[in-house]
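Bear in mind that the values in this text are calculations on the coordinates, not laboratory data. It should be emphasised that the depicted structure is a prediction, and the values quoted were computed from it without experimental measurement. Glycine gets a Cβ as well: all are built from the backbone with ideal geometry, and neighbour counts include every protein chain shown.
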Amino acid sequence: MAGPPEVRRAGAGLNRLAVRIGELLAHERETVADLSHRLRTPLTALRIDAESLRDGAEMERLLADVSAVERTVSGIIREARRPSDGARASCDAAEVVAECAAFWWPLAEDQDRWMTVDLAPGPVPVQVSRDDLATCTDILLENVFAHTPDGVALAVRLSPRAGGGAWLVVTDDGPGFGDANLTQRGVSRGGSTGLGLDIARRIAETSGGTLVIGRSAAGGGAVKLGLGSSAGPPETGRRHGRNRLRLRA
């Protein structure tokens, strides 16, 4: 490096700092992957317990839940060990949200909830991976099931966003969120970790979108998730057979 001695020393120091930061980030990612991998043992034990159930329907339900957790753990490990090459994933939001809504519908049925699902005709490409969008959707729906009484209605709506991307809105007829800033990490109104909405917010903002918390027309909670647009071909998975559902649970 050319230049005065002070500049050369500063440059050398910055280079060492950059190398050290890279080492620390790599260590953190490997630690996340290792900790996630440790979950495989208790999951295997849980699978064995589920397979020993005599009730066939109950066994299939629990095995499906275990498989979903195993896929999540595998996704975390892959993500933690994936090189950061700047590539940004995309997906069809209509497809992913439809699959998530179908997953939660049986619970809505069990809890006697009226569940409305209104999806824009796909594909609706967004600058978010399938796993990240599924995580966001599950967070918004889980909040309703966890923090409102049985029988409270909910609605899921997906619509295109002006300029590209999409709006995902989940509303309910419950008591609402109150005054707490629930996107602040660690803040919770119901004994949870307080991380869910912050995770959804971060995913939305990474895509170029946003997350807004408000009230539904019925006075309950409303979460509006803005997702950025995708210029490339979206990831695809199972195709959903219908875009508009009105489920009476």
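For Asp92, which sequence-distant residues (separation of 5 or more, or a different chain) have an amide H within less than 5 Å of its own amide H, given hydrogens modelled in the peptide plane?
Glu235
Mind sorting Ser52, Ser159, Ser90 by how few other Cβ atoms lie within 10 Å of their own Cβ, fewest first?
Ser52, Ser159, Ser90
Could you check the simple spin-label distance between Ala217 and Leu14, using points 7 Å along Cα→Cβ, in nm with one decimal?
Between Ala217 and Leu14, the label points sit 5.6 nm apart.
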